[in-house]
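Read-outs: derived from the displayed coordinates by stated rules, not from any lab. Note that this is a predicted model, so its numbers are computed, not measured. When we count neighbours, we look across all protein chains shown, and the Cβ atoms used for this are built from the backbone with ideal geometry, even at glycine.
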Amino acid sequence: MCGRFNLTDSPQVISMLKGFGFNISGLRPRFYEPQFNIAPTESVLVAALEGDEKFVRDMRWWLTPAWAPEITTKYSMFNAKAETIEQSRAFKNPFQRRRCLIPASGFIEWRKEGKLKQPYYICPPEGFCFFGGVWERWQKQGKQVESCSIITTAAIPEFETIHARMPALISPKQFDLWLDATADLYDIRPLLKPFDIADWSYYPLSTSINNGRIKTEAAFTSTQAPRLLPLKEEDA
């Protein structure tokens with residue numbers, strides 16, 4: 001699963017997306033600032049394509065299906081499993097027509113170590129990455145909310161030392177295909193295969209990060225230097 005992530009180099013990511021032709025005019029100023037310990041139900045940066053417009057704006061990270069009677073957290077909708085996304089009433093249509101990109105600088109995952117669930121921060125060598133996601137527009141009684149979900153897939157062997165699942169990752173060369181609502185799903189499904197992150201780094205965090213209200217850079221410092229995956233038992 002993917003339940004927390006950071007986006008610490010927002011200006012660089014936004015500039016990159018602008019270079020790919022995304023309209024950034026609707027982006028609120030606060031999203032140019034570093035975002036730490038982003039948690040479900042919060043607003044996140046999303047890049048998507050609707051019609052002929054490629055846009056970047058913020059959406060609620062907890063998908064609300066268009067047919068839902070109300071916005072609720074009754075069901076866990078911040079992640080969508082790649083293996084069952086096409087069978088899900090909530091995710092099937094967004095997967096077919098409204099796929100998106102969710103930029104991140106890294107994400108947090110918890111590993112059970114004895115009685116403790118130890119949080120680790122996992123980050124790419126490039127400084128940022130793009131999660132594959134789906135988005136939806138909910139409209140009821142004059143109110144409109146755009147929301148999204150991060151797709152998860154089975155972990156590669158190197159990451160299984162931390163967790164059995166990982167976010168689906170989309171590379172820049174795959175952006176156009178991934179976002180194309182007219183693309184055949186036969187061509188889309190291979191993009192959800194586990195991404196090779198064997199050159200990514202990880203390091204342990206204080207369990208204080210479990211509190212979603214902690215949003216400081218200091219919370220992501222560690223007494224241990226970053227190490228390359230996979231996690232070894234002596235590093236735990």
Distance from a point 7 Å along Cα→Cβ of Thr207 to each backbone N in the stretch 103-135: keep the residues under 17 Å and list them by number. 109-121
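Net charge around Ile197, counting only other residues with Cβ within less than 13 Å of its Cβ (Lys, Arg = +1; Asp, Glu = -1)?
-4
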Cβ-based net charge around Ile214, under 15 Å, with every Lys or Arg adding one and every Asp or Glu removing one: +1
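Around Leu27, with a cut-off of 12 angstrom between Cβ atoms, what is the net charge of the other residues, counting Lys and Arg +1 and Asp and Glu -1?
In short, +2.
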If I take the Cα coordinates of the stretch 4-235 and project them onto the principal axes, what are the three extents in Å, biggest first? 52, 38, 38
So if I place +1 on the C-beta of Lys and Arg and -1 on the C-beta of Asp and Glu, and nothing else carries charge, what would the dipole magnitude of the chain be about its Cα centre? I want it in debye, nearest 20. 860 debye
Among Ala80, Cys129, Gly21, the residue whose Cα sits farthest towards the positive end of the charge dipole of the chain (+1 at Cβ of Lys and Arg, -1 at Cβ of Asp and Glu, taken about the Cα centre) is Ala80
